[in-house]
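Quick notes on the structure that follows.
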Amino acid sequence: MPGFEEESAEFRRPIDLKGAERFRRIAGIGPAYEALEDRGDYIRVRVIETDEEFDYRKADAELDPPA
């Protein structure tokens, strides 16, 4: 469609490490996680069900819906 451009930035939700927004679900259908620490381009997260921790791309986390 000419003249139409989707901006994914509109759907980004900033990560608030202190509020309820720190709990999210990977891609809306994956496991729920808690954002623990901002590491620049990555966020340290903990999967709620398994306690597994890993670094997750901040750009991806900002697109994830609240859990």
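The values are calculated or read from the model by the stated rules, or taken from the named source; none is laboratory data. Note that this is a predicted model, so its numbers are computed, not measured. No Cβ is skipped: glycine too gets one built from the backbone with ideal geometry, and neighbour counts run over all protein chains shown.
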Say whether the condition of being at pLDDT 95 or above and β-branched (Val, Ile, Thr) is met by at least one residue in the stretch 3-20. no
Looking at the stretch 7-54 only, could you name the residues that are closer than 14 Å to ALA67 by Cα, touching a strand residue (DSSP E or B) at 6+ places or on another chain (Cβ under 8 Å) and surrounded by fewer than 10 Cβ atoms within 10 Å (Cβ to Cβ)? ALA20, GLU49
